[in-house]
Amino acid sequence: MQAEQEAQFQAFVAARWSHLVRTAYLLTGDPHDAEDVTQSALAKAYRSWRRVSRMDSPEAYVRRMLVTCNSDRFRKRRVAERLTDSVPDTSVRDNAVARADERDALMEALAQLPARQRAVVVMRYWEDLSEAETADVLGCSPGTVKSQASKALAKLRAWPGLGAVTTTNETRQGACR
C-alpha cells in the first residue's frame, strides 16, 4: 500500500473506530466480540483499501463488512451467550440506574433476535439508515428490510423488560407509527 493510501486508511480508522465498535457492540452484545469483529472488518478493508477508498461511501462498505464479519463468527463456531432470567435487584432507582436498566433490557432483547433481524434493527434504528441504505448494507431488498424490521419490532414490543421503556418514551415523544 502506498504511503498516501496508508495515511488515508489510518485517518479513516482514527475517525470511525468508536462508531464502528459501537455498531459492532449492538450486533454482538459483547464489547470484546465487538472489537474483534471491528478489527476483522478493518483488516479486510485494509487489504482492499485502494478499491474501498474510491467508493462513494467507504464507511457504508466497511459497515457491510462489519455485518458480514459478525455473521461469519457464527459460521465458524457456535457463540455461546449466557443470559439470565432476570436482571439483578437494585435498591436505588435514580436516573443513571434506570437508564442502565433500560440499556440492559434492550441488549437482552436484542440478543434474543435472530442475527438478520438484529442487524436490521441496529442499522435501521440505531445507525438511522434509510430502508434502501440498510438493504444495501445487508445485501437484501428493501422489502426484506421492512419485513424483518416489522418482525423484530413486534418481538421487541412483546419483550417483558421493554414494556415500561416503550410506554415512557411514547408518552414523552408521542407514539411513532
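The values are calculated or read from the model by the stated rules, or taken from the named source; none is laboratory data. Worth saying up front: this structure is predicted, and the values here are computed from it rather than measured. Here Cβ is always computed from backbone atoms with ideal geometry, including for glycine, and neighbour counts include all displayed protein chains. To get the accessible areas, we keep the full protein, side chains included, count just its heavy atoms, and leave off ligands, DNA and RNA. Shrake-Rupley method; radii C 1.70, N 1.55, O 1.52, S 1.80 Å.
Quick one: in region 1-45, which of the residues that are among the polar types (S, T, N, Q) and open to solvent by less than 50 Å² (accessible area, probe 1.4 Å) is farthest from ASP104 (Cα to Cα)?
GLN5
Does any residue in region 17-41 that is under 21 Å from LEU113 (Cβ atoms) come within less than 9 Å, Cβ to Cβ, of a residue that is modelled with pLDDT of 95 or more and not in a helix (DSSP H, G or I) six or more places away or on a different chain, and which pairs are these?
From residues that are under 21 Å from LEU113 (Cβ atoms), there are no pairs.
With the requirement that a residue be aliphatic (A, V, I, L, M) and either modelled with pLDDT under 90 or touching a His at 6+ places or on another chain (Cβ under 8 Å) (or both), what does region 8-46 give you? Let's see the steps before the verdict.
First pass over region 8-46, keeping only residues aliphatic (A, V, I, L, M): 11, 13-15, 20-21, 24, 26-27, 34, 37, 41-43, 45.
Scanning region 8-46 gives LEU26, LEU27.
Restricting attention to region 46-73, which residues are over 16 Å from the mean Cα position of the chain (by Cα) and open to solvent by 40 Å² or more (accessible area, probe 1.4 Å)?
The answer is TYR46, ARG47, ARG50, ARG51, ARG54, MET55, ASP56, SER57.
Only one residue in ALA109, ALA98, ALA105 is modelled with pLDDT of 80 or more, part of a helix (DSSP H, G or I) and either surrounded by 12 or more Cβ atoms within 10 Å (Cβ to Cβ) or small (Gly, Ala, Ser) (or both). Which one?
Numbers: ALA98 fails: modelled with pLDDT of 80 or more; ALA105 fails: modelled with pLDDT of 80 or more.
The unique qualifying residue is ALA109.
When region 114-149 is examined, which residues are found to be buried (at least 20 other Cβ atoms within 10 Å of the Cβ), assigned to a helix (DSSP H, G or I) and without any contact (Cβ under 8 Å) to a residue 24 or more places away in the chain? Show your work before the answer.
Restricting attention to region 114-149, the residues satisfying the condition of being buried (at least 20 other Cβ atoms within 10 Å of the Cβ) are 117-124, 129, 134-135, 137-138, 145, 148.
If we keep only those that are assigned to a helix (DSSP H, G or I) as well, we get 117-124, 134-135, 137-138, 145, 148.
The answer is THR134, ALA135.
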